[in-house]
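This report refers to the structure that appears directly beneath it.
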Amino acid sequence: MKLKQQDSQIAKLIDLETDRQKTSLQMIASENHCSPAVREALGSYLTDKYAEGYPGKRYYGGNQFIDKVESLCIERAKKLFNVEHVNVQPHSGSPANAAVYVATCQPGDAIMGLALPMGGHLTHGTKVSFGGKFFNSVQYGVDEKSHLLNYEEIEKLVKEHKPKLIWVGATAYPRFFDWKRLGEIADSVGAYLAADIAHIAGLVAGGVHPSPVPFVHIVTTTTHKTLRGPRGGMIMVTKKGLQKDAELPKKIDKAVFPGLQGGPHENAIAAIAVCLKEASSAPFKTYAKQIVRNAKALAEELKKYDFNLVSGGTDNHLMVIDLRNKNITGAEAQDLLEGSGISTNKNSIPYDPAGPFKPSGLRIGTAAITTRGMKEKEIKQIASWINEVISSPKSAKKISGEIKKFCKKFPLPI
Ligand code: DSN
């Protein structure tokens, strides 16, 4: 029976959400629209199968095809990111990062990561998350003026605390990372260096963001942001990681299963495999390039309207607007834009005087609108809408009508 007949309430809500996505602009930097092929794999019969264990070593029968799916996914990830070992079972980014802690640290060990209010991720040692609860978490920040990672501070803290594990990665950092320098800093105390490339994985795959692979031991990622797959996570071990610790692949696999998870979501793994095939193609490289072009174009347009950007611009798919000169909070701007059909999220700016609940910033990304085929010309229009809504809130309703019309020209992948 089809969903509509079986459960009209959920069918209706799915229709409404689909319509919301179709008729508005998704500019939350961590979101994207995956392909119909990815969605087909995700909705396949593979969701019915239990496959605890790994290819060739399962705790259930009937995994002859599942093994092939998971192995293919692993091989595609190894080739795309040029790494030695991949675990594709983490249900998402946080479980992937949890497994890295379990594989490399003991409770109470010193670990380091970029502080959340500076653009870092919850799992990189924030007090309220497992990294901060179970480990001795030392947080580093960005330079107050340039908003770039404060490499001198990182080096000083690393020498002082000798962490077992150092996280590099972010949810709201618009600039490249100096992977080489970070590698040298981690090596100086023998720490594991883990790059969390969740936001930039598609850009790394597309060759428009430097890859951390030669300089770090471990790479984690989600699969649904710029990589444009289903919701999921991966943990990769690099050649440098193997040289540091030949047991690392085994430790990571054991940490994921049986350490933290039971049955893997093989439908999601099949969908990740599809997305990795897509991300290896020439059109994906063009897509990744366009994401960055669009982000740079948006940053320049916004600056013309006197918006201040954290670090002054962007190298990747996102930017963070410092709204203080516009006399509006991030939450207010988010709500106003939402009402006009532009979906973004409030975000702290570095050294935010307003605190995390009413932050002064707004994070905007271009991955999803680029998937819909929007380019520099459309970016000009979007920037002008953003400016109009924020400087004249009454215009939100009128703009929402314009955006609905505009969106019709840029359908979601069908
Ligand atoms: N929640 C993701 C983001 O929005 O960046 C990170 O996990």
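Using a/c under 1.5 as the rounded threshold, could you call segment 226-295 rounded, prolate or oblate? The axes a ≥ b ≥ c are square roots of the C-alpha gyration tensor eigenvalues, and prolate needs a/b larger than b/c, oblate otherwise. It is oblate, given that a/c is not under 1.5 and a/b is not larger than b/c. Here the gap between Y305 and K162, fully extended at 0.36 nm per residue and compared with their Cα-Cα distance, gives a gain of 47.0 nm. Once the chain from Q6 to S71 is taken as fully extended at 0.36 nm per residue, the excess over their C-alpha distance is 19.9 nm.
With a ≥ b ≥ c taken as the square roots of the eigenvalues of the C-alpha gyration tensor of segment 315-372, please select rounded if a/c is under 1.5 and otherwise prolate if a/b is larger than b/c or oblate if it is not? In terms of gyration-tensor shape, oblate. For Y140, the residues whose amide H sits under 5 Å from its own are G113, L114, A115, ignoring neighbours fewer than 5 places away on the same chain, with H placed 1.01 Å from N. Legend: ranking of residues F177, F410 from fewest to most surrounding C-beta atoms inside 10 Å; resulting order F410, F177. Could you check what % of the DSSP bridge pairs in the chain are antiparallel, to the nearest 5? Counting DSSP beta bridges with both partners in the chain, the antiparallel share is about 55 percent.
The residues neighbouring E332, those whose beta-carbon lies less than 13 Å from its own, together hold a net charge of +2 under the Lys/Arg +1, Asp/Glu -1 convention.
Working value for segment 282-414: equivalent-ellipsoid semi-axes of 24, 18, 12 Å, each the square root of 5 times a Cα gyration tensor eigenvalue, largest first.
The local environment of K397, defined by Cβ-Cβ distances under 14 Å, has a net charge of 0 under the rule Lys, Arg +1 and Asp, Glu -1. Residues E247, E153, E52, arranged from fewest to most other Cβ atoms within 10 angstrom of their Cβ, appear as E247, E153, E52. In whole percents, the pair-distance distribution calculated for segment 1-159 from its alpha-carbon pairs, binned every 10 Å from zero, is 8, 21, 26, 28, 13, 2, 0. Put simply, the Cα atoms of the chain extend 60, 59, 37 Å along their principal axes, the longest span coming first. What shape does segment 265-331 take by its C-alpha gyration tensor, where a ≥ b ≥ c are the square roots of the eigenvalues and a/c under 1.5 counts as rounded, a/b above b/c as prolate, and the rest as oblate? Cα axes put segment 265-331 in the oblate bin.
Here the residues Y101, Y151, ranked from fewest to most Cβ neighbours within 10 Å of their Cβ, fall in the order Y151, Y101. Kirkwood-type hydrodynamic radius, segment 356-404: 12.4 Å, calculated from all non-identical alpha-carbon pairs.
Counted by Cβ distance under 15 Å from K375, the other residues give a net charge of +3, where Lys and Arg count +1 and Asp and Glu count -1.
Values in this text are rule-based calculations from the coordinates and carry no lab data. Only a predicted model underlies this, so the values are computations on that prediction, with no experimental measurement involved. Every residue, glycine as well, gets a Cβ built from its backbone with ideal geometry; the counts of neighbours run over all protein chains shown.
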